[in-house]
1. What are the lysines whose alpha-carbon lies under 18 Å from the alpha-carbon of Lys78, with same-chain residues fewer than 8 places away excluded?
2. Looking at Ile53, Ser34, Cys71, which one has the Cα that reaches farthest to the positive end of the dipole of the chain (charges on Cβ: Lys, Arg +1; Asp, Glu -1)?
3. Would you give the gap between the C-alpha center of segment 95-151 and the C-alpha center of segment 28-91, rounded to a whole Å?
4. From the backbone phi of segment 16-32, what are the Karplus-calculated ³J(HN,Hα) couplings (6.51 cos²θ - 1.76 cosθ + 1.60, θ = phi - 60°) in whole Hz, Gly and Pro given as x?
5. Binning at 10 angstrom from zero up to the longest distance, how are the C-alpha pair distances of segment 62-141 distributed in percent?
6. Run the numbers on segment 62-141 and let me know its relative contact order in percent, using alpha-carbon pairs under 8 Å that are six or more apart.
7. For segment 9-49, what's the relative contact order in percent, using C-alpha pairs closer than 8 Å and at least 6 residues apart?
8. D for segment 1-46, whole µm²/s, Stokes-Einstein with Kirkwood Rh over alpha-carbon pairs at 25 °C and 0.890 mPa s: what number?
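No value in this document is a laboratory result; all are computed from the given coordinates. Quantities reported herein were computed from a predicted structural model and do not represent experimental measurements. As a convention, Cβ positions derive from the backbone with ideal geometry for all residues, glycine included, and neighbour counts pool all protein chains shown.
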Amino acid sequence: MAEIYQLDNLDRDILKALMANARTAYAELAKNLSVSPGTIHVRVEKMKQAGIITGARVDVNPKQLGYDVCCFIGIILKSAKDYPSALKRLESLDEVVEAYYTTGHYSIFIKVMCRSIDALQEVLINKIQTIDEIQSTETLISLQNPISRTITP
């Protein structure tokens with residue numbers, strides 16, 4: 001079993017700073033945290049090797065790009081063995097931005113972003129519901145996203 005990397009306060013402070021702005025230079029982090037840039041580099045590399053830091057990204061506002069409709073779709077598969085092939089088909093759809101394999105009523109729960117309700121209808125009828133492995137779906141349209149955050153280190 002792999003050893004779990006134990007975060008200390010410096011690691012947490014580094015993560016918080018990088019999560020707020022992944023482009024922050026190590027030298028600036030070092031100055032703000034009263035350590036050397038080498039220390040920052042070593043800590044970041046250790047967290048990368050431990051799988052804590054998995055990358056850096058740019059967050060975009062979907063509405064500013066014209067994606068006005070966000071919805072969540074619960075999917076019931078015909079059979080549990082259909083999961084891999086259904087997931088492969090869903091992954092090929094640009095509108096599907098997240099997918100979860102779940103317990104409970106749904107086998108898969110996905111997040112879909114579309115430019116309009118008409119576009120959502122097109123995705124549902126001509127893309128998602130044509131996947132043979134899917135027995136049924138339930139769509140929930142998001143009205144707003146008042147909380148959006150990641151886990152605090």
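1. Hits, sequence-local ones excluded: Lys88, Lys127.
2. Ser34
3. So the separation of the two Cα centres works out to 18 Å.
4. Values, residue by residue: 4, 5, 6, 5, 6, 7, 5, 8, 4, 5, 4, 4, 5, 4, 4, 4, 5 Hz.
5. 19, 56, 22, 3
6. 48 percent
7. Details: 21 pairs, mean separation 13.7, N = 41.
Reported as a whole number, the value is 33 percent.
8. This corresponds to a translational diffusion coefficient of 224 µm²/s.
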